[in-house]
Structure formats: C-alpha cells, structure tokens
1. For the range 41-82, how many residues meet the condition of being part of a helix (DSSP H, G or I) and either in contact (Cβ under 8 Å) with a residue 24 or more places away in the chain or open to solvent by less than 100 Å² (accessible area, probe 1.4 Å) (or both)?
2. Of all the residues that make up the range 23-39, how many are under 18 Å from residue 4 (Cβ atoms) and free of Cβ contacts under 8 Å to residues at least 12 places away in the same chain?
3. How many residues does the range 1-38 hold that are assigned to a helix (DSSP H, G or I) and of a type in the set (S, T, N, Q)?
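The values are calculated or read from the model by the stated rules, or taken from the named source; none is laboratory data. Computed from a predicted structure; not experimentally measured. Positions of Cβ are backbone-derived with ideal geometry, glycine not excepted, and every protein chain shown enters the neighbour counts. Only protein heavy atoms, including side chains, enter the accessible area calculation; ligands, DNA and RNA are left aside. Shrake-Rupley method; radii C 1.70, N 1.55, O 1.52, S 1.80 Å.
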Amino acid sequence: MSEAQVAEMATLSGNFESLFSRRAMLFRQRGLHEQQLGEQDYKKLILEHYTFLKRPVVIVNEQIFVGNSKKVVEAARAALHP
C-alpha cells in the first residue's frame, strides 16, 4: 500500500483515524492504547504495518466503506449492487 493510496482513502473517509484499527494486536503490544495519537501518527502507523488499517476497505464511485460492521457492509453492498 502506497502513501498516495492511504492519503486517497483518508481524503474519502475524512481522516486517517477512521481508517485506523484499534483491534490490531500491535495496538496494545506497543502501548499505543495509552497514548494520545494524532492524524500524522495514524498515517505513519498505517503505512508502517498493514494490520493498522481497518478492513475491509471498499471504494465504489468515490465512496469509501471501511470496516465490517453490519451497517457498513450493507451500505457497501447497496453501492455495489444498486
């Protein structure tokens, strides 16, 4: 994943934090749950290790769907199959 791709996803989603997975095992292992993270921290971590990217990420016609919550999956499905 390139920096340009991550930046494009952040632009579509509104910020890097919305792309960041707090469920990644490294999140707790590195003690990140005890730190205040900013947008540049989220960007750096996502680029550093793919597990920090919340998945799945689906981009359809300039719309982005991030994560696997039921609401997000249904919205992505509706966008894919109008």
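1. Here is the first cut: in the range 41-82, the residues part of a helix (DSSP H, G or I) are 41-48, 50-52, 70-80.
Add one more test, that the residue is either in contact (Cβ under 8 Å) with a residue 24 or more places away in the chain or open to solvent by less than 100 Å² (accessible area, probe 1.4 Å) (or both), and what stays is 41-43, 45-48, 50-52, 72-76, 78-80.
Result for the range 41-82: 18.
2. In the first step, residues of the range 23-39 are kept if they are under 18 Å from residue 4 (Cβ atoms); the result is 39.
Filter once more, keeping what is free of Cβ contacts under 8 Å to residues at least 12 places away in the same chain: none.
Residues flagged as under 18 Å from residue 4 (Cβ atoms) and free of Cβ contacts under 8 Å to residues at least 12 places away in the same chain within the range 23-39 amount to 0.
3. Residues of the range 1-38 that are assigned to a helix (DSSP H, G or I), as a first pass: 3-13, 17-19, 25-29, 32-34.
Filter again for of a type in the set (S, T, N, Q), leaving 5, 11, 13, 18, 29.
The total comes to 5.
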